[in-house]
Amino acid sequence: MSTDTPRTEASTDNRRAGRLIVNAPAIVESIGQTAIALHPNLAAVYRRVQADADTVGRRFPAVVRDLSTNGAFIAGVSLPLLARVALRFDVTGVGKIDAIGWVMWQRSDDCKVPTANGALATLPKGFGVLFESLALDVRNSIAKLLPS
């Protein structure tokens, strides 16, 4: 899988991390999370975010549309909030990327919104992923492509 050369874009929203605008074909798989065995005393007081279990094993193609050191927007079929996913894609200047993340937001359908100049922009359906696991060298490579 390959992609166009990433473009950097200044953030016009409240996100802290800069974004690379990319068009990277990806394979997404809902992977769930491993169960943990706790001592009964700890189990009585321990709470953990539970990943969506209904979509575990679902695997499909999608497109990474923007990328930061912290996460990505994935255009395509939307997964439920808190689905835990594995992603695999390539980005020019970074290379192959394998990541694990959590679905933190979703857009269930395409949506048209006005831009600053009054035109309409289409925001595609998809979901935002917050990375749980992304290799440090990959994070550094993404950071080097961002504007200072």
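The values are calculated or read from the model by the stated rules, or taken from the named source; none is laboratory data. As the structure is a computational prediction, the values presented were derived from the model and not from experiment. Neighbour counts run over all protein chains shown; Cβ positions are idealised from the backbone, glycine included.
Key figures
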| read-out | value |
| --- | --- |
| Filter pass, residue 56 being among the aliphatic types (A, V, I, L, M), surrounded by fewer than 16 Cβ atoms within 10 Å (Cβ to Cβ) and in contact (Cβ under 8 Å) with a residue 12 or more places away in the chain | yes |
| Enumerated strands (runs of 3 or more DSSP E) restricted to the stretch 4-108, each holding at least 3 residues that are under 27 Å from residue 122 (Cβ atoms) and modelled with pLDDT of 95 or more | 19-30, 59-67, 71-75, 84-91, 95-107 |
| Count of the stretch 108-138 residues which are of a type in the set (Lys, Arg) and under 18 Å from residue 23 (Cα atoms) | 1 |
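Here's the yes/no breakdown for (1) among the small types (Gly, Ala, Ser); (2) over 24 Å from residue 34 (Cβ atoms); (3) touching a residue at least 24 places away in the same chain (Cβ under 8 Å); (4) crowded, with 18+ Cβ neighbours inside 10 Å:
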| site | (1), (2), (3), (4) |
| --- | --- |
| 65 | no, yes, yes, yes |
| 73 | no, yes, yes, yes |
| 80 | no, no, yes, no |
| 88 | no, no, yes, no |
| 91 | no, yes, yes, yes |
| 99 | yes, no, yes, yes |
| 138 | no, no, yes, yes |
| 145 | no, yes, yes, yes |
